[in-house]
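Okay, structure first, notes after.
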Amino acid sequence: MTNASTYPYGPESQRQPNVPQGQVERFTHTSTIFPNAQRAYWVYAPQQYDPQTPAAVMVFQDGQRYVAEEGWFRTPIVFDNLIHAGEMPVTIGIFINPGHISQEPPTDQGPFSNRSAEYDTLSDRYVRFLIEEILPQVGARWALTDDPDQRAICGLSSGGICAFTAAWERPDAFRKVLSHIGSFTNIRGGHVYPSRVRQEAVRPLRVFLQDGENDLDNDFGNWWLANLQMVAALRYRGYDHRFVGGDGAHNGEHGGAILPDSLRWLWRK
């Protein structure tokens, strides 16, 4: 098991002087593709955003974990620093919580009763939710690119396999994937992905995977071995991919610490 001191945060994960700060706004949404599933989501817009120039897009699952400036990932701070340095494009960040089906709306920290159905299911349903519901709603306020090479998607655990599924099913919409401790295990059949990657048509994807040797090992599978199988399959088929392994557990400590380097690699020209 690791602790936070094992993976220290670099300067790009901390506020720096004279770096323009983007703005984050919170919204709510009730889905039709996932009937009656309610959720909060946040939109980050960098100070450099120009409404005359469609911005790149990056979608994050489990949005509350990624948008927090004092959490594991500190994504708005990292975006500010990397965009200012020219190491990633001007990017609108969309941080989406899982859905919750109830008479009472969820708090920002949950419960999220529809999370596994949305994230672990191998289908195009979740990416259609993004394309048909979320992106048009955000696009009504901010100019977003429709270039799939300028659209990225990210998540941790079940959100990680969800990010891969979205791009796998719709590479015309997303072509950059960032997975932290991804659940490529048999929760809802996700263990088949290494075989599918080896046997199906190659998609035009760029994929970054992170995991730790002390990740979960339970009835659904071994997360570390599942990620290694994904890496081997991506390498076999010649995908543009990178894997960073550590000795961490099933948390975002390692992924958060390397988020700046992960984004630099993902957005490189």
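Every number here is computed from the coordinates shown, using simple stated rules; none is lab data. Given the structure is predicted, the values throughout are model-derived calculations rather than measurements. Every residue, glycine among them, receives a Cβ derived from its backbone with ideal geometry; neighbour counts consider all protein chains shown.
Sorting TYR126, TYR44 on the 10 Å Cβ count, fewest up front, what's the list? It would help to have the intermediate numbers written out before the result.
Values: TYR126 25, TYR44 22.
Ordered by Cβ neighbours within 10 Å, fewest first: TYR44, TYR126.
In region 197-227, which chymotrypsin sites (Phe, Trp or Tyr not before Pro) are in a loop and have at most 16 other Cβ atoms within 10 Å, using DSSP for the loop call?
Sparse-neighbourhood loop chymotrypsin sites (Phe, Trp or Tyr not before Pro): PHE220.
Loop only by DSSP, 13 or fewer other Cβ within 10 Å of the Cβ. Give me the trypsin sites (Lys or Arg not before Pro) in region 1-58 that pass, ordered by residue number.
Counting only loop positions with at most 13 other Cβ atoms within 10 Å, the trypsin sites (Lys or Arg not before Pro) in region 1-58 are ARG15.
Please identify every one of the trypsin sites (Lys or Arg not before Pro) in region 116-175 that sits in a loop by DSSP and has no more than 15 other beta carbons within 10 Å of its own beta carbon. Don't skip to the answer; put the middle values down first.
Details: sites: ARG125, ARG128, ARG141, ARG151, ARG175; in loops: ARG141, ARG175.
Taking region 116-175 and a limit of 15 other Cβ atoms within 10 Å, the loop trypsin sites (Lys or Arg not before Pro) found are ARG141.
If you place +1 on the Cβ of every Lys and Arg and -1 on the Cβ of every Asp and Glu, how big does the dipole about the Cα centre of region 1-88 come out, in debye to the nearest 20?
Working: 5 positive and 8 negative charges, 49 e Å.
For this selection, approximately 240 debye.
Over the residues of region 209-269, compute the C-alpha Rg and express it relative to 2.2 N^0.38 Å. Intermediate results must be reported in sequence, preceding the final value.
Details: Rg = 12.4 Å, N = 61, 2.2 N^0.38 = 10.5 Å.
Normalised Rg, Cα atoms only: 1.19.
Over the Cα atoms of region 11-267, how large are the radius of gyration and the largest Cα-Cα distance (Dmax), in Å?
17.1, 51
If a helix is a whole DSSP H run, which ones in the chain reach 15 Å or further along their own axis (Cα) and hold a mean Kyte-Doolittle hydropathy of at least -0.5? Walk me through the numbers before you get to the answer.
Numbers: long enough: 158-169 (16 Å, 0.71); 223-236 (20 Å, 0.59).
Helices meeting the span and hydropathy rule in the chain are 158-169, 223-236.
About the Cα centre of the chain, what is the dipole size in debye to 20, counting +1 per Lys and Arg Cβ and -1 per Asp and Glu Cβ, all else neutral?
Values: 24 positive and 30 negative charges, 125 e Å.
Magnitude of the dipole: close to 600 debye.
Compare the Cα positions of SER31, PHE79, GLY245 along the charge dipole of region 11-267 (+1 at Cβ of Lys, Arg; -1 at Cβ of Asp, Glu; about the Cα centre) and return the one farthest towards the positive end.
The Cα lying farthest towards the positive end belongs to SER31.
Would you give the gap between the C-alpha center of region 9-70 and the C-alpha center of region 108-124, rounded to a whole Å?
Going from one Cα centre to the other spans 19 Å.
Taking other Cβ within 10 Å of each residue's Cβ, how do VAL138, VAL207 sort, fewest first?
Values: VAL138 20, VAL207 25.
If I rank by nearby Cβ atoms, fewest first, I get VAL138, VAL207.
Treat the count of other C-beta atoms within 10 Å as a stand-in for reagent exposure and order LEU130, LEU178 from fewest to most.
So the ranking, lowest neighbour count to highest, is LEU130, LEU178.
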